[in-house]
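Chemist: Structure below; questions to follow.
The values are calculated or read from the model by the stated rules, or taken from the named source; none is laboratory data. Quick caveat: nothing in here was measured; it's all calculated off a predicted structure. We place every Cβ from the backbone using ideal geometry, glycine too, and count neighbours over all the protein chains shown. Just the protein is used for accessible areas: all its heavy atoms, side chains included, with ligands, DNA and RNA removed. Shrake-Rupley method; radii C 1.70, N 1.55, O 1.52, S 1.80 Å.
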Amino acid sequence: MNDPALGQKGRLTLDELRDLVGRGVIDTVIAAFTDHYGRLLGKRCDADLFVDEIAAHGTHACNYLLTTDMDMQPVPGYRFANWQQGYGDFHLAPDTSTLVRASWLEKTALVLCDVKDDAGQYVPLAPRTLLRRQIETARELGFVPHAASELEYYLFHHTYRQAAELDYRNLQPAGWYLEDYHILQGTRNEPFTAAVRRHLKASGVPVETSKGEWGLGQHEINVRYAEALQMADRHVIYKQCLKEVAEQLGQSVTFMAKFAADRAGSSCHVHFSLWRDEQNAFAGTTDLGPVKCSETFRWFLGGWIAHVPDVMVFYAPTVNSYKRYVDASWAPTRLAWSYDNRTAAFRVVGRGSGLRIECRIPGADCNPYLAFAAALASGLDGIRNRIEPPECFAGDMYAARHLPRVPVRLDEATDRFAASEFAAGAFGAEVVEHYAHFFRTELAAFAPAVTDWERRRYFEQI
């Protein structure tokens, strides 16, 4: 990991934005927040109005946005907002520290918002609020959490409209052989990849590297780590930028956890470390297997591993998520940790000031605010309760049948989350009830679906 203070190109202060607006360089400001799925929702604001009024006082949006399904249909059964209450407004409060130029859009800036109620209080159900509260808990314990997410995606030579018209079948991937680390195949995709690297860097998301991955047309762009809230913000800007640039170039990308059964899944490996007085609090002299670490590291790791079943829904939020957990596919299937071992669910990497924990469980479909909040809540509980991690595993974890499995179904993970005393204590009973309903709605949407697998299996033979 590098210095998170580096690479701030593209970030704007309000005064800098005001100057750009005055000179006609910026005429539109997107004010947005993420829904439960991690999608950016919000408004495009006239830039003059934004700097004169909205930056200070915010804007409004319908509160049904935290109760809809993927198709934007209002879902009954939520306490937070429903037809009986009339679906009123909540407040979008711009966090002006997130202001960036959206360089891939003409004359446009982007700001991320917190969701607040009429009294100016954070709405506890909003994903960014969940992460904010875990960061506050970490600070109360004297820690500043730093994080990174590694997002993988598939690139296709069809537009999103064309993909929809083809019913997402027979799409042409941007590569025709496994291109993990291949420079030649990566070069063929540079018109897209180089464009998004430059746009991300020019939009406040500092890029480190890009590379091919272990799939046809699969890629990864790595961005620099940061404090946890800023890293989650970078993550959502990354996804938005890639989708919109793909649209502009007549292509499409998908962040599905498992696009096809015969291809590698797309992950979102999450890295965490805790810092105190500008020093990595994970560094130390205690021997934990092959790792020299602090007790803080030891207990954070123990808590993170122990609570995976309680918060799995925040790492794997869709029915599709669980299809990624296949042995020998680079996705984890066993709950254990190891040092620099890519078969492990928890891969410890680095030494000294670079020591950190990489959790390989989240898929590219995760909402980063929820995934980071789950990781932090788990690790901090480990510190408070001195939860010991299991022994360090060495070898092929896929072959270790005696180790507990990563949860493999959304329904089971949702039931565990809904009944979890840990989740209720960490996030509040209201949050658990709300998100359990959200995940059960996703399950109900899938239940009547007839899949290609069923047609292939039963059309003739049954």
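Chemist: Rounded to the nearest 5, what % of DSSP beta bridges with both residues in the chain are antiparallel?
Modeler: Restricted to the chain, the bridges split so that about 90 percent are antiparallel.
Chemist: Whole Å is fine, so just give me how far the alpha carbon centre of the stretch 7-54 lies from that of the stretch 123-167.
Modeler: So the two Cα centres are separated by 20 Å.
Chemist: By per-residue mean of other Cβ atoms within 10 Å, what is the highest-first order of 146-155, 389-398, 345-354?
Modeler: 146-155, 345-354, 389-398
Chemist: If you don't mind, another one. Calculate how many DSSP beta bridges within the stretch 1-115 are antiparallel, expressed in % of all such bridges and rounded to the nearest 5. Don't skip to the answer; put the middle values down first.
Modeler: Values: 18 of 23 bridges.
Antiparallel bridges: around 80 percent, rounded to the nearest 5.
Chemist: Using modelled backbone amide H atoms (1.01 Å from N, in-plane), which distant-in-sequence or interchain residues come within less than 5 Å of residue 26's amide H?
Modeler: Counting only residues 5 or more places away or on other chains, the set is 21.
Chemist: Now, a different point. Output the peptides 366-376, 265-275, 60-70 sorted from most to least packed, where packing is the average of other Cβ atoms within 10 Å over each peptide's residues.
Modeler: On the way: 366-376: 28.1, 265-275: 23.6, 60-70: 18.8.
So the peptides 366-376, 265-275, 60-70, ranked by packing, come out 366-376, 265-275, 60-70.
Chemist: In addition: Please calculate how many Å² of accessible area the chain carries per residue, with a 1.4 Å probe and no DNA, RNA or ligand atoms counted.
Modeler: I get 43 Å² per residue for the chain.
Chemist: Another question, if that's okay. Report ³J(HN,Hα) in whole Hz for each residue of the stretch 350-362, in order, from the Karplus equation J = 6.51 cos²θ - 1.76 cosθ + 1.60 where θ = phi - 60°; Gly and Pro get x.
Modeler: Using θ = phi - 60°, the values come out as x, 9, x, 5, x, 5, 7, 10, 9, 9, 9, 6, x Hz.
Chemist: Quick one: pull the percent of accessible area on the chain belonging to carbon and sulfur, 1.4 Å probe, ligands and nucleic acids left out.
Modeler: Heavy-atom surface of the chain belonging to carbon and sulfur, 1.4 Å probe: 51 percent.
Chemist: State, as an integer percentage, the relative contact order of the chain based on alpha-carbon contacts under 8 Å between residues 6 or more apart. Walk me through the intermediate numbers first.
Modeler: Details: 945 pairs, mean separation 70.2, N = 462.
Relative contact order here is 15 percent.
Chemist: How much space per residue, in cubic angstrom, does the convex hull of the C-alpha atoms of the stretch 361-462 take up?
Modeler: On the way: hull volume 17.7 nm³, N = 102.
It is 174 Å³ per residue.
Chemist: If I take every Cα pair under 8 Å that is 6 or more residues apart in the stretch 236-348, average their sequence separation and divide by the length, what percent do I get for the relative contact order?
Modeler: Working: 114 pairs, mean separation 19.6, N = 113.
That works out to 17 percent.
Chemist: Could you tell me whether the stretch 199-295 comes out rounded, prolate or oblate from its Cα gyration tensor? Rule is a ≥ b ≥ c as square roots of the eigenvalues, rounded for a/c under 1.5, then prolate if a/b exceeds b/c, otherwise oblate.
Modeler: It is oblate, given that a/c is not under 1.5 and a/b is not larger than b/c.
Chemist: Then there is this: At q = 0.13, 0.20 Å⁻¹, what is the base-10 log of I(q)/I(0) for the stretch 249-408 according to the Debye formula with one equal point scatterer per Cα and no solvent? Please give it to two decimals.
Modeler: Treating every Cα as an identical point scatterer, log10 I(q)/I(0) equals -0.58, -1.27.
Chemist: So which GluC sites (Glu not before Pro) in the stretch 392-462 pass both tests, a DSSP loop state and at most 14 other Cβ atoms within 10 Å of the Cβ?
Modeler: Answer in residue order: 460.
Chemist: For the stretch 262-268, just list the computed ³J(HN,Hα) in residue order, Karplus coefficients 6.51, -1.76 and 1.60, θ = phi - 60°, integers in Hz, with x standing in for Gly and Pro.
Modeler: 9, 10, 4, x, 10, 9, 9
Chemist: Let me ask something else about it. Looking at the chain from every direction and averaging, what is the projected area of its Cα convex hull in nm²?
Modeler: For the Cα atoms of the chain, the hull's average projected area reads 23.2 nm².
Chemist: Using the structure shown, list the pairs from 9/43; 9/211; 9/201; 43/107 with a Cα-Cα distance above 18 Å, or answer none.
Modeler: From 9/43; 9/211; 9/201; 43/107, over 18 Å: 9/43; 9/211.
Chemist: Once you have a ≥ b ≥ c as the square roots of the Cα gyration tensor eigenvalues for the stretch 416-462, tell me rounded if a/c is under 1.5, and otherwise prolate or oblate according to whether a/b is larger than b/c.
Modeler: Because a/c hits 1.5 or more and a/b exceeds b/c, the stretch 416-462 counts as prolate.
Chemist: Restricting to the stretch 277-407, compute how many DSSP beta bridges are antiparallel as a %, nearest 5.
Modeler: Antiparallel: roughly 75 percent of the beta bridges in the stretch 277-407.
Chemist: Right, something else. Where does the stretch 173-235 land on Rg/Rh, using Cα atoms and the Kirkwood Rh?
Modeler: Here the Rg-to-Rh quotient is 1.03.
Chemist: For the stretch 60-75, take each phi angle, set θ = phi - 60°, evaluate the Karplus expression 6.51 cos²θ - 1.76 cosθ + 1.60, and give the result in whole Hz per residue in order, putting x for glycine and proline.
Modeler: Result, rounded to whole Hz: 10, 8, 5, 6, 5, 5, 9, 9, 8, 9, 4, 8, 6, 8, x, 9.
Chemist: Report the relative contact order of the stretch 174-289, percent, no decimals, based on alpha-carbon pairs under 8 angstrom and at least 6 residues apart. Write down the numbers at each step before the final one.
Modeler: Details: 117 pairs, mean separation 23.4, N = 116.
Dividing the mean separation by the residue count of the stretch 174-289 yields 20 percent.
Chemist: Here is a follow-up. Could you work out the helix-only [θ] at 222 nm for the chain, with each DSSP H run of four or more residues adding -39,500 (n - 2.57) and the total divided by the number of residues, to the nearest 500 deg cm²/dmol? Provide the component values of the computation, followed by the final result.
Modeler: Numbers: 13 runs with 149 residues, N = 462.
Using -39500 (n - 2.57) per qualifying helix, the result is -10000 deg cm²/dmol.
Chemist: Right, next: So how far, in whole Å, is the C-alpha centre of the stretch 387-462 from the one of the stretch 69-116?
Modeler: Answer, in whole Å: 27.
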